[in-house]
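Rule-based calculations on the coordinates, nothing more; no lab input. Just so it is clear, the structure is predicted and the values come from calculations on it, not from any experiment. Here the Cβ is made from the backbone with ideal geometry for all residues, glycine too, and neighbour counts use every protein chain on show.
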Amino acid sequence: MDRLPVAGDQDRTARQNPSTSGRRVAVFVNGRKCKIEGGEVNFAQLAGFAFPKVAPEAARTFTVAFTRGPAARPEGFVTPGERVHVIEDQRFVVVVADQS
Amino acid sequence: MSSSSPISRSADLQLLRDEGYVLSLVSGMLAVDDVPFVDEGVGVRRGRLLVWLELAGDRTTRPKWHAVCFVGGIPCDNLGRRLPQCHAGGRDPAPGIRADALLCIHPAGREFADFHELVTTYVSLLTGHAQRLDCEATARTRRAVRSDERGPFAYLDTASSRAGVAHLSERLAGGSVGILGLGGTGSHVLDLVAKTPVEAIHLYDHDAFLQHNAFRAPGAASVDDLAARRSKVDHFAQVYSRLHRGVFPHRVRLDSSNLHLLDRSDFLFICVDDAATRRLAAAHLEAGGKSFIDVGLGLQLSEAGVFGLARMTLSRPGARRPEHRSTQEAPDLADPYRTNVQVADLNALNAALAVIRWKRLRGFYASERDESLSVYSIGSNDIVNEDRRP
């Protein structure tokens, strides 16, 4: 697994600019670095990055939260069927948040 | 559980009552009624002293605060001049009670020895001037009063009265709260809700309280607690009845035959792992127009350590959540929580997120947004919110 970057590692200009379509950006999904093409990622892709063996229907139970996103939406959730812009170094956490 | 009364169990307060003072407890404060004083019109009237109590259990300790509130007017001397120890106005000392003055007498170089000395000092100050106008004026009337000592707590909530937030605590008073699931998170929800003045707390769970539960629950269960092999609801009801009078255990495995038990709660915290139970309860509450909060942890292991989310989801009439209607079963992931990794801190945080949201709904805490979904992300130490859906 790649090491987690620290502040200053990345090109700050690229991080602030969401218009990264057309080139690859590196995001982190459950702590693992993933390359995203086209500047956007959808729920199914994120679920697949996190848990490749889980069937798409079962993956609908995942809670997907992100931080360090584009200035227009720096944090939030991705729901089934939804697609979000991504920038370099964005963080996603994908889990089933149902334990008590 | 014995009925507690600081007045009858504290020597200094009992002495005051024996001497004929009219005492009662109001929102955690000692009220002394029928105290004669001279008002600004040089008339003799009667007012109420309100004293912040210091208690250890059901008994008073030495006073740490020498000022008292006065209700009924501005105390003056026998010529109608405001007493130098009197400061007009001030904060509300208790819900619905507006203090007219704050009185301040400080024994030289010390605090009062006990509440008898404190009360008699203030009464002497006020009554002394009144007796110059009416020689029969006395605060020792022996008048019987209806006591409001019985409240939701087994002993008085002096923390709220001392902090001056008793009027805010009233926003949490009354009504009933249910907790479905008394695992790590549900037991911490109970720990927090039991310290609020709700009228009733209903506990729903069918499991026994076992050793591994003790490491996720608040407090420290004894070996005897574990050996008793009580149900979780009976264990926690016994523990928290020491603090709150209205804890009711319901040892049930929730199904369609006993869903009506949830109707005893005005608001429910759903703290269960089982998707079917969560769905069943959510559907019943939605049909009944009830609001509820559903919580859950989602953890995974990495080389960097445990990461994941603590989730809080609020469902209200007009703002229901689609995930509560999903019939999709969650995949069987290797969640370290299922192997009993010790994360009582995350249980406590998850519970706190839920209880804080409930207290914001009730107006105890200020609320500048209207989120229906919040998660705490361990790795980034962020709280991510999603506002109420249209």
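Starting from the Cα gyration tensor of the stretch B:300-375, take the square roots of the eigenvalues, sort them a ≥ b ≥ c, and report rounded, prolate or oblate (rounded when a/c is under 1.5, otherwise prolate if a/b is larger than b/c, else oblate).
Values: a/c = 2.82, a/b = 1.48, b/c = 1.90.
Here the stretch B:300-375 falls in the oblate category.
What is the magnitude of the charge dipole of the stretch B:186-252 about its Cα centre, with +1 placed on the Cβ of each Lys and Arg, -1 on the Cβ of each Asp and Glu, and no other charges, expressed in debye to the nearest 20?
Values: 8 positive and 7 negative charges, 9 e Å.
Dipole about the Cα centre, nearest 20: 40 debye.
Do the sum for chain B: with -39,500 (n - 2.57) for every DSSP H run of n ≥ 4, divided by all residues, what is the mean residue ellipticity at 222 nm, to the nearest 500 deg cm²/dmol? Walk me through the numbers before you get to the answer.
Numbers: 11 runs with 100 residues, N = 390.
When only DSSP H runs of four or more count, the value is -7500 deg cm²/dmol.
Identify, among B:A166, B:L190, B:T277, the residue whose Cα sits farthest towards the positive end of the charge dipole of the stretch B:150-284, taking +1 on the Cβ of Lys and Arg and -1 on the Cβ of Asp and Glu, with the dipole about the Cα centre.
Final value for the positive-end residue is B:A166.
Amide H to amide H, which residues 5 or more places from B:V247 or on other chains are under 5 Å from it, using H placed in the peptide plane?
It is B:I201, by chain and number.
Give me the angle, in degrees from 0 to 90, between the Cα long axis of helix B:344-361 and the longest principal axis of the Cα atoms of chain B, rounded to the nearest 10.
Tilt relative to chain B: about 60 degrees.
Rounded, prolate or oblate: which fits the protein assembly as shown, taking a ≥ b ≥ c as square roots of the Cα gyration tensor eigenvalues, rounded meaning a/c under 1.5, else prolate when a/b beats b/c?
On the way: a/c = 2.94, a/b = 2.08, b/c = 1.41.
In terms of gyration-tensor shape, prolate.
Using r as the Cβ-Cβ distance of B:T327 and B:L168, and R0 as 56 Å, what FRET efficiency do you calculate, to the nearest 0.05?
Numbers: r = 41 Å, r/R0 = 0.73.
The pair B:T327/B:L168 has a calculated efficiency of 0.85.
I'd like the distance between the alpha-carbon centres of the stretch B:295-344 and the stretch B:360-388, rounded to an integer number of Å.
16
What does the extension gain come out to for B:R229 and B:C104, with contour length at 0.36 nm per residue minus their alpha carbon separation? Let's see the in-between values first.
Numbers: separation 125, 0.36 × 125 = 45.00 nm, distance 5.42 nm.
Working it through step by step, the gained length comes to 39.6 nm.
With point charges of +1 on the Cβ of Lys and Arg and -1 on the Cβ of Asp and Glu, referenced to the Cα centre of the stretch B:127-276, which listed residue (B:N213, B:A227, B:T138) lies farthest in the positive direction of the dipole?
Result: B:T138.
By the scheme Lys and Arg +1, Asp and Glu -1, what is the net charge of all other residues having a beta-carbon under 14 Å from that of B:F248?
Numbers: positive: B:K232, B:R245, B:R251, B:R264; negative: B:E199, B:D205, B:D234, B:D263, B:D266.
Charge balance near B:F248 sits at -1.
Please order A:K33, B:K359 by the number of other Cβ within 10 Å, starting at the fewest. Don't skip to the answer; put the middle values down first.
On the way: A:K33 15, B:K359 18.
Fewest to most other Cβ atoms nearby, the residues stand as A:K33, B:K359.
Search the structure for amide H atoms under 5 Å from the amide H of B:D34, placed 1.01 Å from N in the peptide plane, and list their residues when 5 or more places away or on another chain.
Placed amide hydrogens put B:G47 under 5 Å from B:D34.
Under the 0.36 nm per residue contour assumption, what length would be gained going from the current alpha-carbon distance of B:D263 and B:S302 to full extension? If you can, show how the numbers build up before the last one.
On the way: separation 39, 0.36 × 39 = 14.04 nm, distance 4.23 nm.
Extra length from B:D263 to B:S302 when fully extended: 9.8 nm.
Given 0.36 nm per residue, what is the gain on full extension from B:R140 to B:A11 after removing their alpha carbon distance, in nm? Don't skip to the answer; put the middle values down first.
On the way: separation 129, 0.36 × 129 = 46.44 nm, distance 1.74 nm.
Here the segment from B:R140 to B:A11 would lengthen by 44.7 nm.
By its C-alpha gyration tensor, with a ≥ b ≥ c as the square roots of the eigenvalues, how is the stretch B:242-390 shaped: rounded for a/c under 1.5, else prolate for a/b larger than b/c, else oblate? Can you show the working numbers first?
Details: a/c = 1.45, a/b = 1.24, b/c = 1.16.
Taking the square roots of the gyration eigenvalues as a ≥ b ≥ c, the stretch B:242-390 is rounded.
Enumerate the amide H contacts of B:R230 below 5 Å, restricted to partners 5 or more residues apart or on another chain; note that Pro and chain-start residues carry no placed amide H.
Hits under the 5 Å cutoff: B:F209.
Fewest Cβ neighbours within 10 Å first, please rank B:T138, B:T127, B:T339 accordingly.
On the way: B:T138 17, B:T127 21, B:T339 8.
Fewest to most other Cβ atoms nearby, the residues stand as B:T339, B:T138, B:T127.
Using the count of nearby Cβ atoms within 10 Å as a rough guide to exposure, how do B:W358, B:W52 rank from fewest to most?
Values: B:W358 25, B:W52 19.
Ranked by crowding around the Cβ, least crowded first: B:W52, B:W358.
Round to the nearest 10 and give me the degree value, 0 to 90, for the angle of helix B:275-287's Cα axis relative to the longest principal axis of chain B.
50
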